[in-house]
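Here, each number is a calculation from the coordinates, and none is a lab measurement. Just so it is clear, the structure is predicted and the values come from calculations on it, not from any experiment. Cβ coordinates were reconstructed from backbone atoms using ideal geometry, including for glycine residues, and neighbour counts include every protein chain displayed.
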Amino acid sequence: MLWSGWGDPARAAELPAPVRELLTELLGVRPPAAPAATFGEVRLPPAALPQAVLAALAAVTGEEHVRADDDARIRHTRGKSTPDLLLMRAGDASDAPDAVVLPGSHEEVVEVLRLCAEHRVAVVPFGGGTSVVGGLTPARRGYAGVVALDLGRLDRLRSVDPVSMTADLEPGLRAPQAERLLAGHGLTLGHFPQSYEYATLGGFAAARSSGQASAGYGRFDDMVVGMTVATPRGTLEIGRAPKSAAGPDLRQVFLGSEGAFGVITSLRLRVHRAPAVRAYEGWRFETFAAGTAALRRLAQEGAPPTVLRLSDETETMVGLAKPTDLGTPGGDSGCLVVAGFEGAPGDVAHRREHAAALLVEAGGVHLGPEPGEKWAQGRFSAPYLRDSLLAAGATVETLETACFWADLPRLYDAVRLALHGALGSPLVMCHISHVYATGASLYFTVVTAQTGDPLAQWAAAKRAAGEAIVGAGGTISHHHGVGRDHLEAYAAEIGDLGGEILRGIKERLDPAGILNPGVLIPVY
Ligand SMILES: Cc1cc2nc3c(=O)[nH]c(=O)nc-3n(C[C@H](O)[C@H](O)[C@H](O)COP(=O)(O)OP(=O)(O)OC[C@H]3O[C@@H](n4cnc5c(N)ncnc54)[C@H](O)[C@@H]3O)c2cc1C
């Protein structure tokens, strides 16, 4: 993973000349005053952990699994949000951990937590490092130091239960590794977020991730049927049946807990048979409103596609090489729907037929497989573009929320208005890509010319969008989580009593407060 951006540096995406021209002419984007820092120019604070603590940690995991070198510290600094990248590009690694610890077993995690609690060292569970909400930037004050607990060595498929259709997997597995291991048994998880290539199973559970095929396979939190969690107070084994009436479901305490309550060291996940057929196709709707109504019907009237997404007019236009390909010659592009179907041949045929009938009835025009296949091929490449846009002098950010269907038009308008108010004349694109019978998520991408202080510019836009989301009745996050960036809005969303409950759980499980301090838990 590139230390200051996304993915494999060899796959960096150059912005095509016409796009550069468009950025300059439409948005007034100019190259930033200073080039991005090189790795050698990064400013790293001196490591603060006492030698005795490092030695004690090394005694638990083995010396080679406690790293305090510059390379390890820089690569475990923050996550991949826009401000994270802006800071790294400016050479600022002031949030770097003092050491990176790589435990090899659940027992080692328990022991590391015990040691860190004893020495008051903050611990940041670290999966793929793809958080986009400041989930890997702990508050340091009052701690002897900060350790990034990299779970990458916990990367085994432990067992498969083909009768119950579950698999026990370790949290440090990156999604493609997990899919490869499951493919050996003819199985799939069906979890494909845009961060698929780097994010881990533990991170998906801890941040309540949702993948691009959520309409068919569900969100990640729906897939978790059991888990093992290491806390500073000991171990919890949760989930002995798919559903239970034995009190509140404790799995829900740790799903979305973002490393603040414990470290997930094993997951029992629901799995599916690997699909024999995958078919993606495109549909065109005249307007976003018409497309939204069609998606709602698909979500409410049974057997939805596996992948279902609707781009608004702007996103459709920007995503097309030739907008008129989709619309009437010289006219509007309309709005693109991508529908993907995965499964056994008979099941796919049935769901395709059902969806086609409904989409036609709702005013959709079938565009054939090309737009769908094109989307599927490029589905993991957009994050590379963000780096190129930042380098070109644009600020680019993504925001997501969810609400009930009845509130969706108001939420859509409110967020767009807020972003325009905060940024002047940005390019604001939106899509719906996670649908439920009762509502859906809205995912916005905003691009604007960087000001001299892009961090302040980002903060103003983020605040405005957050206020608009809260005001219009949406949740502050559908799948990115809370981290530090959404803490204020989350506190408002759950209220004082909700915050008290979270603090009560935190105090019980982590009395020394060492787990990811500053993240998730509202402080009054
Ligand atoms: C380009 C890009 C695209 C993205 N697309 C999507 C998307 O489509 N859908 C989506 O849902 N998200 C998306 N994300 C957000 C991110 O990938 C998810 O939040 C993901 O779940 C994080 O996984 P990770 O392994 O990288 O976790 P990390 O970023 O390492 O950690 C995330 C949080 O979980 C905690 N944590 C990690 N592992 C554990 C563990 N084992 N036990 C306890 N706590 C733990 C961390 O302390 C942190 O608070 C995207 C991010 C980027 C940068």
* Of all residues in region 143-164 being under 18 Å from Val224 (Cβ atoms) and part of a strand (DSSP E or B), the one that is farthest from the chain's Cα centre (by Cα) -> Asp161
* Which one is nearest to the ligand (Cβ to nearest atom), of the residues in region 97-127 that are buried (at least 24 other Cβ atoms within 10 Å of the Cβ) and assigned to a loop (DSSP other than H, G, I, E, B)? -> Gly127
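Can you pull out the helices (runs of 4 or more DSSP H) entirely within region 333-440 that have at least 1 residues that are under 24 Å from the mean Cα position of the chain (by Cα) and surrounded by 18 or more Cβ atoms within 10 Å (Cβ to Cβ)? Full working, then the answer.
Numbers: elements: 345-361, 370-378, 382-392, 408-423.
Here the list reads 370-378, 382-392, 408-423.
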* Given Ile514, Ile494, which one is out of contact with any Gly (no Cβ under 9 Å at 6 or more places or on another chain), within 14 Å of the ligand (Cβ to nearest atom) and of a type in the set (A, V, I, L, M)? -> Ile514
* Asked: For region 471-510, what are the residues that are closer than 23 Å to Gly202 by Cα and part of a loop (DSSP other than H, G, I, E, B)?
  -> Ile476, Ser477, His478, His479, His480, Gly481, Val482, Gly483, Arg484, Asp485, His486, Asp510
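Look at Gly499 and say whether it is in contact (Cβ under 8 Å) with a residue 60 or more places away in the chain, farther than 28 Å from Gly218 by Cβ and more than 16 Å from the ligand (Cβ to nearest atom).
On the way: in contact (Cβ under 8 Å) with a residue 60 or more places away in the chain: no; farther than 28 Å from Gly218 by Cβ: yes; more than 16 Å from the ligand (Cβ to nearest atom): yes.
So Gly499 fails the test.
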* Asked: Any idea which of (1) under 30 Å from Ser94 (Cβ atoms); (2) away from the ligand (no atom under 15 Å from the Cβ) is the one Ala205 doesn't satisfy?
  -> (2)
* Structure fact -> Residue pairs within 7 Å by beta carbon, gap of at least six or interchain, first lying in region 459-488 and over 17 Å from Ser209 (Cα atoms), second acidic (Asp, Glu) and within 14 Å of the ligand (Cβ to nearest atom), listed first then second, are Ala461/Glu397; Lys462/Asp485
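Could you run through region 165-184 and say how many residues are in a loop (DSSP other than H, G, I, E, B) and touching a residue at least 60 places away in the same chain (Cβ under 8 Å)? Walk me through how you get there before you give the answer.
Initially, region 165-184 is screened for residues in a loop (DSSP other than H, G, I, E, B), giving 165, 170-173, 184.
Checking which are touching a residue at least 60 places away in the same chain (Cβ under 8 Å) leaves us with 165, 170-171.
Looking only at that region, the number is 3.
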* Residue that is farthest from Gly128 (Cα to Cα) [pool: residues in region 5-55 that are touching a helix residue (DSSP H, G or I) at 6+ places or on another chain (Cβ under 8 Å) and within 16 Å of the ligand (Cβ to nearest atom)] -> Ala13
* Structure fact -> Flagged pairs (Cβ under 7 angstrom, 6 or more apart or on separate chains; first in region 198-215, assigned to a loop (DSSP other than H, G, I, E, B); second within 6 Å of the ligand (Cβ to nearest atom) and acidic (Asp, Glu)) are Ala207/Glu258
* Asked: Any residue in region 517-524 that is within 16 Å of Ala122 (Cβ to Cβ), more than 16 Å from the ligand (Cβ to nearest atom), of a type in the set (Val, Ile, Thr) and not in a helix (DSSP H, G or I)?
  -> yes
* To do: Starting from residues that are charged (D, E, K, R) and farther than 30 Å from Val121 by Cα, keep the ones in region 150-197 and report whichever is farthest from the ligand (Cβ to nearest atom).
  => Asp161
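So that you can scan it fast, the table gives a plain yes or no per residue for (1) under 22 Å from the mean Cα position of the chain (by Cα); (2) within 15 Å of the ligand (Cβ to nearest atom):
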{"site": "Phe220", "(1), (2)": "yes, yes"}
{"site": "Met223", "(1), (2)": "yes, yes"}
{"site": "Pro232", "(1), (2)": "no, yes"}
{"site": "Leu236", "(1), (2)": "no, yes"}
{"site": "Lys243", "(1), (2)": "no, no"}
{"site": "Ala246", "(1), (2)": "no, no"}
{"site": "Asp249", "(1), (2)": "no, no"}
{"site": "Val253", "(1), (2)": "yes, yes"}
{"site": "Phe261", "(1), (2)": "yes, yes"}
* Asked: Hey, among the residues in region 133-149 that are touching a residue at least 12 places away in the same chain (Cβ under 8 Å) and surrounded by fewer than 24 Cβ atoms within 10 Å (Cβ to Cβ), which one's nearest to the ligand (Cβ to nearest atom)?
  -> Gly134
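Can you name the residue in region 263-286 that is of a type in the set (A, V, I, L, M, F, W, C) and within 13 Å of the ligand (Cβ to nearest atom) and, of all such residues, is nearest to Leu310 (Cα to Cα)? Give the derivation first.
In the first step, residues of region 263-286 are kept if they are of a type in the set (A, V, I, L, M, F, W, C); the result is 263-264, 267, 269, 271, 274, 276-277, 279, 283, 285.
Subset that is within 13 Å of the ligand (Cβ to nearest atom): 263-264, 267.
Working: Val263: 36, Ile264: 34, Leu267: 32 Å.
My answer is Leu267.
Here's the yes/no breakdown for (1) of a type in the set (Lys, Arg); (2) out of contact with any Phe, Trp or Tyr (no Cβ under 8 Å at 6 or more places or on another chain):
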position	(1), (2)
Thr445	no, yes
Gln450	no, yes
Lys462	yes, yes
Ala465	no, no
Leu487	no, yes
Tyr490	no, yes
Asp496	no, no
Glu500	no, yes
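Which strands (runs of 3 or more DSSP E) does region 247-321 wholly contain that include 3 or more residues that are β-branched (Val, Ile, Thr)? Working first, answer last.
Details: elements: 263-270, 277-285, 307-311.
Qualifying strands (runs of 3 or more DSSP E): 263-270.
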* To do: Look at region 192-231 and say how many of its residues are within 13 Å of His480 (Cβ to Cβ) and hydroxyl-bearing (Ser, Thr, Tyr).
  => 3
